Amino acid sequence: MVAAPAGGQQPDPNQAYYDKAKRALQELFEKAKAKNELHFVMALMPEFRGMQDGGWNTGEEAVQAFDQFTDHIKSLDQNSVVRVRIILAFYLMLSECSGFYEIPKKLMLTAEGKGNNIWPFQSLVKKHEKTGRAIDPNANAIMKNMMGHAYDIQLFELSEIQRGI
C-alpha cells in the first residue's frame, strides 16, 4: 500500500518494493514457522555456531553497524556528498556480512523441510588452488544462491526482491 503524500511531499518511489519485500518476508517466516517452529527460531540466530572470533559475530555486527550508520547518516545534511559516501560505505559493509544473509537462507532451508543448517553457504565456499585456504563467497554469489533457492521453493516474490537488493 502506497502512503498518500503529506503536505506536498512526493510519494516514496521505493514504496512498492518495500511492500513486496514485506509480503515476501512474511510468507517466508510463516512457511518456516509452520514447517518446524524450533528450526524457525534457530534460523533467526545468525551464526548459531558461535562467534567468528573472540567477541565478534557478523550478524550482531550488522545490527550495530545499522544503528551507528543510521544515526550518523541522519545527522548529515541531505545534500552532503559525504552523506552519500557514508551510505555507500554502509551498503558495502552490509553486503559482505554473511550473518545478515544467513537468516533468510536458514529460513528457506527450514521452509523447505531441510531443517536448520549452521553453515548455510558452505556449498559456496571454494578452496584456493595453491594454498588450499577457504575462499568465502562474495555477496553476489550469496544473492544468486538465495534468489535461486527462493524460486526453487516457490517463494517467487522473495526471489524477485532479492534481485533488487
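The values are calculated or read from the model by the stated rules, or taken from the named source; none is laboratory data. Small disclaimer: the values here were computed from a predicted structure and weren't measured. No Cβ is skipped: glycine too gets one built from the backbone with ideal geometry, and neighbour counts run over all protein chains shown.
In the range 4-43, which residues are of a type in the set (D, E, K, R), at pLDDT 90 or above and over 23 Å from M147 (Cα atoms)?
Matches in the range 4-43: E37 only.
State yes or no: is M1 under 23 Å from Q162 (Cβ atoms) and modelled with pLDDT under 85?
Considered against the rule, which asks whether it is under 23 Å from Q162 (Cβ atoms) and modelled with pLDDT under 85, M1 comes out as yes.
Enumerate the pairs (first residue in the range 66-90 and among the β-branched types (V, I, T); second residue anywhere and not in a helix (DSSP H, G or I)) with beta-carbon separation below 9 Å, excluding pairs fewer than 6 apart on the same chain, so at least 6 apart or on different chains.
V82/L76; I86/L76; I86/S80
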